Structures are given as C-alpha cells and as structure tokens.
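Each remark here refers to the structure printed beneath this line.
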Amino acid sequence: MPSDAIEDLHYLTCPRPEGGPRVSIIMPTFRRSSQIGESICSLLDGEYQDFELLVRDDGDGTDGTQAAVVAAGAGDNRLRYHLNAANLGIARNLNAGILESRGEFISVCHDHDLYRVGFLKAMVAALDRNPSALYVHCASDLVMQDGTTVARSEIQDFSELTAGREWLRFMLSTPHCPVCALTLVRRVAHEHCGLYNPAYGFITDIDMWMRLSANGDVAYVREPHLLLREREEDHQAIRNWAEITQNLFRIHVRHIPHAYGGWRRFQAHIRLRHWRNRNLVVGAARSIKRFIPFSVQKDPSLRGAH
C-alpha cells in the first residue's frame, strides 16, 4: 500500500510572480482530444478574463490532443500547453501545473466538462466576499456524453459560507463527496496545506477538500455554473471501484480525528467500516454478474450448469 503520510506532501513554496493573472486554471488531460476543445472554448469565452489556462497532457502525444488545444485556443496567449515526458498520474500532473501557476487563485478544470459564462466571475466574487474561505465550490448540471441532453442536478441548500470544521464533519458523514472537483482555491491554501497527495489516486481531491476544511472555511455558489459530462463507460472510476473504495476509506480514516473525539470518533469509524465492507461486497457481486451470460441470469435452472 502506498504511503499516505503527510510528510510525503509537497507544498507550494515559490512566491507568486508579479504581474501574473489573478486566476490560474489547471486542466489535466488524458486522451480526450474529442472533448477538450469544447471545454477550453467555454472557459475562454467566459465573462471573467483575468486568467491563464495551463493544459497538462498526460498522454503520449499521439491522440491529437495538442492539435485540439491549439485549434481551440486560436492564438489566445492565456492558453499554454505542456506534454509530459512521462505519465505522471492525476495528482502529480495537477501539482506540476500548480507549481507553474502564477495566480492568486487556482482552479482545476476538467478536460471534458463545460463552464457557463459566469463560472469564474461567480467563484472569484465568492472568495472576495468571504476572506476566511480557503476554497469555493458551486452547484452543477449534468450533461450526457453526446453533449445534447442536460439533466438538472439537485441544488444543495448550503450556506454561502460554512465553518471549515462543520463542513469537514459533513463530508465525513457520507461516502458521497458533496464537493465538485472543479473548485477555486486560494494560492495561500496550497502554501500552508500542501498540494495533492499521489497516494489517493483518482480521488486525491477529496483529501484536499477535507484538508483545507480543517484549516479554513468553505464558500459555496448556488447557481449551477458547471456542466458536468457523464463519464465514459470504461472510465477508471468505473473500472477501479475497489481501489477507489479503499482509498476513500483511507482518506476518511485520516481526517476523522480532526473532526471527532471520544465516542463520536468511535461511531464514525464503525460507520465507515460498515460502508467500506458493504461497498466491496456489493461491487464484487455486480462485477460477477456482468460475467454471467444473460441467458443464465434469466433461467435459474441453467445456473451452475457446465
């Protein structure tokens, strides 16, 4: 099992360069040349313009991503593309982008989602209104893979500002993360609380939101400025469900002591272990079912036959 010790984390130590944009957007990408152009255009066409967009390609450079990025940017000097010499994985790719960034605020934007014109404007305004917040997240709508069908998401009744420890306890009360990965984070938060932890793989952002919540407040924008595209059928979040379950368990175990003490801490651990074990059993059953021919599933008399 990879180490998840806090000592392994890197911190943002380089000072913010003078004359840089107010916002740095990090867009990690991996073999999504057919969708990244639309994502980039939705950001470049937004109402808020004081930003840089750093695209970090973790592929091998053969799938057409660079051409799609160049075409979408159309010479816009706010856009910078970088192809990694080797695959870094999501956390290290994000960290490399943050270390290259120049903004007061840092946002992570996915290479397949879409961003309404008021996205950055609303997020920056929320942090400006709430100086105690280390990050802000917002409501979202759902978009199908074809990009034509939009499903309205439930707008959560969160306050614009929630005390960090209260938000941390809320996150620890459910395995379903209430924070969309597409947030806006203060640069000083990464300086004081560290960068993304590679030990947690695909869900490293959940550890980040909990870590920041333990050190500052959390802001929220109720308007759904994000259009989240559904994942592909072969996406790693679907294939690697067992690894993700175990990593989420480890993240919660790390942060429970920061939110609870005594009997409540014991109860939180019991709830967490029950969820982990149940999810592993249910997930395994679903995986086995996918390999059973439909005719066998339909006719009980055929089960066990050779």
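For the range 22-100, give me every one of the strands (runs of 3 or more DSSP E) that falls completely inside it and has 1 or more residues that are among the aromatic types (Phe, Trp, Tyr) and in contact with a strand residue (DSSP E or B) (Cβ under 8 Å, 6 or more places away or on another chain).
51-57, 79-83
Which residues, counting only those in the range 244-274, are surrounded by fewer than 18 Cβ atoms within 10 Å (Cβ to Cβ) and of a type in the set (S, T, N, Q)?
Across the range 244-274, the qualifying residues are Gln246, Gln267.
Regarding the range 107-115, can at least one residue be identified that is within 25 Å of Asn215 (Cα to Cα), surrounded by 15 or more Cβ atoms within 10 Å (Cβ to Cβ), touching a residue at least 24 places away in the same chain (Cβ under 8 Å) and not small (Gly, Ala, Ser)?
Checked the range 107-115: at least one residue is within 25 Å of Asn215 (Cα to Cα), surrounded by 15 or more Cβ atoms within 10 Å (Cβ to Cβ), touching a residue at least 24 places away in the same chain (Cβ under 8 Å) and not small (Gly, Ala, Ser).
I want to confirm something. Restricting to the range 35-58 and keeping residues that are of a type in the set (S, T, N, Q), modelled with pLDDT of 95 or more and more than 17 Å from the chain's Cα centre (by Cα), which single residue is surrounded by the fewest Cβ atoms within 10 Å (Cβ to Cβ)?
Step by step, filter the range 35-58, then rank; the result is Gln49.
What single numbered condition from (1) outside any helix (DSSP H, G or I); (2) over 30 Å from Glu243 (Cα atoms); (3) touching a residue at least 40 places away in the same chain (Cβ under 8 Å) fails to hold for Glu18?
(3)
Could you please find all residues in the range 157-172 being out of contact with any Gly (no Cβ under 7 Å at 6 or more places or on another chain) and either assigned to a helix (DSSP H, G or I) or free of Cβ contacts under 8 Å to residues at least 24 places away in the same chain (or both)?
Asp157, Arg165, Glu166, Trp167, Leu168, Arg169, Phe170, Met171, Leu172
The values are calculated or read from the model by the stated rules, or taken from the named source; none is laboratory data. Everything numeric in this text was worked out from a predicted model, so none of it was measured. Cβ sites come from the backbone with ideal geometry, for glycine too, and all protein chains shown count toward neighbours.
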